[in-house]
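Here's the structure, in structure tokens; my notes come after.
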Amino acid sequence: MTSRHLRLGTRGSQLALFQANAVAALLRLQEGITCDIIVIRTSGDRLAEATLSEVGGKRLFVKEIEDALLAGDIDLAVHSSKDMPAALPDRLDVCAVLPREDARDALVLPLRSGADLVGSADVATLSLEEVVASLGPAPRIGTSSVRRSAQLVRLFPGASFLPIRGNLDTRLRKVDGGDFDAIVLAAAGLRRLQQAHRISAALPVDACVPAPGQGIIAIEIRSGDIDVRSVIVQIDDRVSRLAFDAEREVVTRLGGGCQMPIGAFATVADEEISVTAIVVSLDGARAIRADVRGGVANPRDVGARAARQLLDQGAGDILAGAVERPGAQAQSPAERLQP
């Protein structure tokens with residue numbers, strides 16, 4: 001490159017800035033490159049109180065940043081990969097991901113008064129069963145994710161699942177203020193922002209399969225920018241990238257859109273990828289699950305086989321029903337399964 005200085009685009013939330021600074025620090029340490037961090041306000045930030053299904057879904061969190069990247073106003077963009085839609089715009093590419101943080105979802109209970117805190121370090125070791133019991137038969141649970149609510153209704157059949165938006169501090173204030181009996185957040189964000197003590201119970205993957213890419217920081221560039229690519233690929237984490245590619249392929253092949261009840265989680269061990277994927281009806285009454293293994297040589301193939309298993313069991317019917325929900329969007333699974 002002619003310059004060792006890059007313009008890095010990001011949202012302005014506390015978590016987004018943490019992620020951007022993590023990327024900038026790695027580039028500085030490994031490549032000696034400095035970054036200007038450019039905060040870009042997205043539609044998702046401007047519509048912070050609306051639910052995703054009402055206002056258009058995940059692309060709201062990346063559109064303006066991707067527009068700046070395409071226009072050449074920034075050299076790279078940093079995202080929470082779970083916030084990225086399955087299909088990227090033409091001429092853009094995710095060329096690197098960072099090591100994955102805890103991918104699980106987490107239940108967060110309100111703080112009590114005084115020093116006795118629900119969610120303090122000692123209480124964070126509570127079992128899921130203990131937390132479920134503590135919430136009683138009809139808790140108010142804050143989450144705007146149809147994936148989470150569709151799975152968690154099986155644990156909390158009498159619960160009311162209520163929408164919640166805003167940054168981490170805002171959501172924690174709402175649960176502490178009594179608006180909810182519990183909220184569900186990504187464990188990764190809590191850990192990255194030094195709030196791991198607020199995790200009352202981490203949800204096992206068997207209980208709530210995470211969103212594809214959850215816990216992974218993704219770096220997006222212009223596909224043809226060879227100079228930037230040559231730098232960014234140096235900080236790509238191989239294991240996280242294998243999981244990232246496999247999980248996103250599940251969603252791509254299912255035709256999943258912005259707010260669909262799809263979970264996918266991949267692990268890598270001994271040069272083998274294991275993918276757990278799930279499609280759940282919005283009311284939680286029907287869940288279809290796939291568990292697939294394959295070699296690391298082709299992670300997308302492993303994800304595609306998981307999607308095929310789901311569709312063979314009737315996932316297409318569930319997703320077709322979910323599309324009828326206002327704001328939910330999906331493309332034809334049959335079309336997506338073409339080679």
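Miscellaneous remarks
- Pairs are defined by a Cβ separation below 6 Å, a sequence spacing of at least 6 or placement on different chains, a first member in region 225-236 that is in contact (Cβ under 8 Å) with a residue 12 or more places away in the chain, and a second member that is buried (at least 20 other Cβ atoms within 10 Å of the Cβ) and of a type in the set (Asp, Glu); the pairs so defined are VAL228/ASP75.
- ILE278 meets all of the listed conditions (1) of a type in the set (A, V, I, L, M); (2) modelled with pLDDT of 95 or more; (3) assigned to a helix (DSSP H, G or I) but one, namely (3).
- In region 192-226, the residues that are closer than 15 Å to ALA277 by Cβ and in contact with a Gly (Cβ under 8 Å, 6 or more places away or on another chain): CYS208, VAL209, PRO210, ALA211, PRO212
- Qualifying positions in region 186-220 - outside any helix (DSSP H, G or I), surrounded by fewer than 24 Cβ atoms within 10 Å (Cβ to Cβ) and hydrophobic (A, V, I, L, M, F, W, C): LEU193, ALA202, LEU203, VAL205, ALA207
- ARG171 vs. criteria surrounded by 21 or more Cβ atoms within 10 Å (Cβ to Cβ), within 30 Å of VAL231 (Cβ to Cβ) and at pLDDT 95 or above: no
- One residue stands out in region 249-275 among those that are part of a strand (DSSP E or B) and without any contact (Cβ under 8 Å) to a residue 40 or more places away in the chain: the one that is surrounded by the most Cβ atoms within 10 Å (Cβ to Cβ), namely ALA266.
- Cβ separations smaller than 6 Å between residues 6+ apart or across chains give the following pairs from region 278-296 residues that are farther than 16 Å from SER145 by Cα to residues that are among the small types (Gly, Ala, Ser) and at pLDDT 95 or above: ILE288/ALA315; ALA290/ALA277; ALA290/ALA306; VAL292/ALA306; ARG293/SER274.
- Residue in region 85-97 that is nearest to ILE232 (Cα to Cα), counting only those that are of a type in the set (A, V, I, L, M) and crowded, with 22+ Cβ neighbours inside 10 Å: ALA96
- Residue match in region 189-197 (condition: within 20 Å of ARG104 (Cβ to Cβ) and either among the polar types (S, T, N, Q) or more than 21 Å from the chain's Cα centre (by Cα) (or both)): yes
- The residues in region 65-83 that are assigned to a helix (DSSP H, G or I) and of a type outside the set (Asp, Glu) can be counted, and the count is 7.
- Members of region 277-286 found to be of a type in the set (A, V, I, L, M, F, W, C) and either surrounded by fewer than 18 Cβ atoms within 10 Å (Cβ to Cβ) or within 16 Å of PHE161 (Cβ to Cβ) (or both), listed by number: VAL280, LEU282, ALA285
- Checked against the criteria, ARG148 counts as in the same structural domain as SER134 (by TED's automatic domain parsing) and out of contact with any helix residue (DSSP H, G or I) (no Cβ under 9 Å at 6 or more places or on another chain).
The values are calculated or read from the model by the stated rules, or taken from the named source; none is laboratory data. Computed from a predicted structure; not experimentally measured. Here Cβ is always computed from backbone atoms with ideal geometry, including for glycine, and neighbour counts include all displayed protein chains.
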